[in-house]
1. On the given criteria, is B:S886 small (G, A, S), touching a strand residue (DSSP E or B) at 6+ places or on another chain (Cβ under 9 Å) and within 30 Å of B:K44 (Cβ to Cβ)?
2. Cβ contacts < 7 Å: first residue of a type in the set (D, E, K, R), restricted to the range B:868-881; second residue modelled with pLDDT under 90, any location; separation 6+ or different chain. Result?
3. Could you check the range B:67-119 and list, in sequence order, the residues that are of a type in the set (S, T, Y) and under 26 Å from B:D410 (Cα atoms)?
4. Given the options B:D648, B:D687, name the one that is in contact (Cβ under 8 Å) with a residue 12 or more places away in the chain and of a type in the set (D, E).
5. Suppose we keep only residues that are in a loop (DSSP other than H, G, I, E, B) and more than 7 Å from chain A (Cβ to nearest Cβ) within the range B:677-694. Which one would you say is modelled with the highest pLDDT?
6. Taking A:S132, is it small (G, A, S), modelled with pLDDT under 85 and either in contact with a strand residue (DSSP E or B) (Cβ under 8 Å, 6 or more places away or on another chain) or not in a helix (DSSP H, G or I) (or both)?
7. Would you pick out the residues in the range B:721-738 that are touching a Gly at 6+ places or on another chain (Cβ under 8 Å) and either within 14 Å of chain A (Cβ to nearest Cβ) or basic (K, R) (or both)?
8. Where residues in the range B:141-192 are closer than 16 Å to B:D130 by Cβ and among the polar types (S, T, N, Q), which of them is surrounded by the most Cβ atoms within 10 Å (Cβ to Cβ)?
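The values are calculated or read from the model by the stated rules, or taken from the named source; none is laboratory data. What you see is a predicted model, and the numbers here were worked out from it, not measured in a lab. Cβ coordinates were reconstructed from backbone atoms using ideal geometry, including for glycine residues, and neighbour counts include every protein chain displayed.
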Amino acid sequence: MASPGGQGGGALSTRGGGGARRMKWALELSVGNTRSRSDRQGGQGDVVYPIGYSEKPVPDTSIQETDKNLVEKRCWDVALGPLKQIPMNLFIMYMSGNTISIFPIMMVCMMAWRPIQALMSMSATFKLLESSSQQWLQGLVYLIGNLLGAALAIYKCQSMGLLPTHSSDWLAFIEPPQRMEIMGGGMVL
Amino acid sequence: KSKAVAMAKLILLLLNWIFLCCNVAAVFEDQVGKFDWRQQYVGKVRFSHFDSHMQSSKKVLLASESNVFAALNTRTGELFWRHVDKTGPEGNIDALLQHGQDAVLVIGNGHLLRSWDIGVGGMNWEMVLDPGSFRSACLVGHQGAVKHLAVLKKTVISLHYLSNGHQKWVENLPESETVDFQAVYSGGNGEVYALGVVPNSHLAIVVYSLEDGEITKQVSVEAPWLSSIPASCSVISRGLLTCLEMTQIPLQTLGLDVDPGFRPSLVSHQPNPAHPPLSEFLLQLGPEHHLLLQHNDGQIVTLRDYKPALLASFATAGEKTVVAVMAPKNKTACSINLFSAETGRRLLETTLIFTVDPNGGKPEKLHVQAFLKKDDSVGYRVMVQTEDHTLTFIQQPGRVMWTREEALSDVVTMEMVDLPLTGAQAELEGEFGKKADGLMSMVMKRLSSQLIMLQAWIAHLWKLFYDARKPRSQVKNDVSIENLSRDEFNLQKMMVLVTASGKLFGIDSKTGDILWKHYLENIPLNAAFKLMVQRTTAHFPHPPQCTLLIKDKDTGLATLHVFNPIFGRRSQVTPPALPQPILQSLLLPLMDQDYAKVLLLVDDQYKVSAFPSTKNVLQQLQETASSIFFYLADSGQGRLSGYRLRTDLSTEQVWEVVIPTETQKIVSIKGKRSNEHVHSQGRVMGDRSVLYKYLNPNLLAVVTESTDLHQERSFIGILLIDGVTGRIIHEAVQRKARGPVHVVHSENWVVYEYWSTKSRRNEFSVIELYEGMDLYNSTVFSSLDRPHAPQVLQQSYIFPSSISTMEATLTEKGITSRHLLVGLPSGGILSLPKMFLDPRRPEVISEQSREENLIPYAPELIIRTEWFINYNQTVSRVRGIYTAPSGLESTCLVVAYGLDIYHTRVYPSKQFDVLKDDYDYMLISSVLFALFFATMISKRLAEVKLLNRAWR
């Protein structure tokens, strides 16, 4: 469950689906619809019970309670994921230094790309958080975390000198000035 | 001890390694001659001798007016060896005497005697004589052997051994104050004759004994008509001095008519110095009239009258002496015939046709190489020297074996012109250039041009296929004017060279072949030339056009020669007549409706005339007159003045700077090249701010030298002046320095080189101009609106050699870093990175300077051998270097000219836009294919695997 954001979300959804499939008849037991079926079965008489069938629906409710908590927790995990990454990123930033070579550049790219990617797939994340009651708060936290990550990457770019913030970065685009006067001549031949 | 040896080995290894690391910038061995070529010249020939002591010899010795002594291969015209002496009168070759294997030169007005072995070109001996006043020299033979050589000077006569140059005797000439001794002669009888003349009085002959130099006889002959012996006298027969009297009488007694206004001349022939000259001699009576005369028992008999005859010359083969006579045949050809000298009869089957080049000069000299054939008859070859300094070597019956264009040893100015596109490309371009005249015709035209292109492509393929079957050595790249076309990267250009003799050449820059030549007749000796490209090849239907301004410095009058630089032909355009003396010319960026740039000519009344001067041009000139400025510098008066054009094509003086001629004189003025592009407008500092360059296109660098040459007081001055406003931007005076100053002015820097008399060394100095951290106006540059003075930085360096000339590299867009090309007197051309001449080089290294890649300041500039762009191809007496951009940004074309011509390409920032020659296409493509197939296979495998999994 501690697996990070997007992947965790994906895992959750599949597991949810899988759970739904596996627990089909267990769920049917708890809901009214199931009851009618059991009534029907009851109506038919308790002659043929499958082996291992228990009539106690007790554990279901308790599981549902913890599940809700778990979903909440999961959602918070997803929302706080980007924020938790920041100290790690800071450390990597510090370690990689400001020289421009292939590894620091790769790190910076990763650092910049991940929040951007996350922000792009914001809607998917929101869908994940749908089940949570604090959906909006979590969404906000998730957004802030990613923005912070992006800001960190930009700061890293800045400290590495990759941002075109100086006049020298625009030097190549300055056109040569147009000449107003025509001049020529030389020594008297 | 072993430790020391090991250490030394280690150091050697390290040095080797460093050397290998550094050497990558230089040319690889297999690149030699791939895109560079050199042509070596001799100069205008003054003396020539065919090496005749061996029957099979194929050498001709040449001594030239450029102080060069060389031996040529008569079969190919290539140099066997060449010795280049000092320029100027110090190295002047006064006489060339050849005997057997030795050739003796008298050099520097009789200062030096040098003997050379003509076989290998090595020096046998050198003798230093008292300097000055050389008159004549001759070989002295006695009893059939030639062992001595006599040198006559104004006051002394000396005799030297031919074997080692030692003096046998030296004698003062009697009465040398009054008698002007002019010639020395020996007839092989043990006596040496010194011939002198007292002008308009008498002739003095002093006879010396060969053995001890004693005067055996002294004769004086009354000759009031004689003033110069070499001009009008020559010795014939057994010591008979024959003289020509300039007044008509004695000649008329012989019954001869001299062409009016012509100075007749005598030519005698002495085949062997040990024997007296022949009794036959040649007399030239007019420009086309020669006589063969014979002295016979006190009588002079006419053997043959040659009329018309342009040139006549003696030649000896074995015992036989012949006369070769060149007679004009028709307008384009001359015929040369051999005549027996003894009888004057024409020898059979000896006619030789010399085709006169319509673009060359008239024949001037005839050098004949006669030899005996197997059947004992005389065969011959001739070397014809024409007015345009061309040597043509011809064999019977008129086959030109080789031609040497010696005029190219004195190139004055040159330009490089782009070649035209191929015919097909030009056709296509022409189609789009013309105006549309109906849809249908446009389509037809389009189709036809496409068809032509297809045809050309098939022809090209066929040629490739055809050539591929032949062995590689036989495939010759025939470059002719017809198939000239621009290559992909515009690396091949037409070099247009103007030589001092007035001959123009068009040379293909790829191979060095002369594609056209044109001799301009009647060029004054001290003419000034200025070559301008008025229209390039970019405007297709219109032919390219170059204009050469030729100014006679004596009269000041100028003429214009307008020609097509690709074909060398005179243009259809008639140049204007220029009745007024011309001071300067000015090529404007304005164009007339035919895309020819407008040339302004400034006459001595400071009036301006335009060429071409159509209505359109005049209208354009009127519109832009207020922004056209020009400057004139008069070195003699020390005046530097700027003028502005008025709408009526008169001018008004805007500014004037006077440099007092008593203390200093203007040596040179350098503006910026008009085709120079600067890509970067500033320099990035260590803190990533920008220091903007001061790129004033109107800036002039004026160099002055002090008239006082005393080493304590001499100085040079450098003045940076705005040519429009006359504002002095910067002024620097280098004390205790002396010229010659070489300057390069480009972008925002000026580099100059001078001799420091204080430290006795050559120094480089660089000035750079910056606007500062802000641009004043980034869109337009106007000299009239520049309130802030630029920042000036300067630094100087020590250079270990003197230099001959200097130029900066030039590229298409100016992105490539700049190098300075320095021609050294040693014959090397050094490509010195401008990075080393940077006034911002710090003395103390800081973080910022390291960030900026500045090299820490070191006073010495070292010459690294791998910086020589011409490796071992020495270029003698480099006088100028011309640089031109190519179509590739990384590549700059370089031509160095002087006595030799050398062309190469330089890559100041390495070849960043071209794959290397040894690029492994095979490896790359095989890897690519392998990867491609691997992907295909793995994709198939993956599919199979997926399918299997799905089944499971």
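1. Numbers: small (G, A, S): yes; touching a strand residue (DSSP E or B) at 6+ places or on another chain (Cβ under 9 Å): yes; within 30 Å of B:K44 (Cβ to Cβ): no.
Spelling it out, it is not the case that B:S886 is small (G, A, S), touching a strand residue (DSSP E or B) at 6+ places or on another chain (Cβ under 9 Å) and within 30 Å of B:K44 (Cβ to Cβ).
2. So the pair list comes out as B:R877/B:T87.
3. We begin by selecting, within the range B:67-119, every residue of a type in the set (S, T, Y); these are B:74, B:76, B:87, B:115.
Correct list: B:T74, B:T76, B:T87.
4. Values: B:D648 fails: in contact (Cβ under 8 Å) with a residue 12 or more places away in the chain.
Result: B:D687 is the single residue among B:D648, B:D687 that is in contact (Cβ under 8 Å) with a residue 12 or more places away in the chain and of a type in the set (D, E).
5. Restricting attention to the range B:677-694, the residues satisfying the condition of being in a loop (DSSP other than H, G, I, E, B) are B:677-681, B:685-689, B:694.
Right, trim to more than 7 Å from chain A (Cβ to nearest Cβ) and you get B:677, B:679, B:685-687, B:694.
Details: B:H677: 89, B:H679: 88, B:M685: 88, B:G686: 85, B:D687: 84, B:Y694: 92.
Going through the qualifying residues, I end up with B:Y694.
6. On the way: small (G, A, S): yes; modelled with pLDDT under 85: yes; either in contact with a strand residue (DSSP E or B) (Cβ under 8 Å, 6 or more places away or on another chain) or not in a helix (DSSP H, G or I) (or both): yes.
For A:S132, the condition - small (G, A, S), modelled with pLDDT under 85 and either in contact with a strand residue (DSSP E or B) (Cβ under 8 Å, 6 or more places away or on another chain) or not in a helix (DSSP H, G or I) (or both) - is met.
7. Of all residues in the range B:721-738, those touching a Gly at 6+ places or on another chain (Cβ under 8 Å) come to B:723-726, B:731-734.
Residues satisfying the conditions are B:G723, B:V724, B:T725, B:G726.
8. Only one residue tops the list, namely B:S158.
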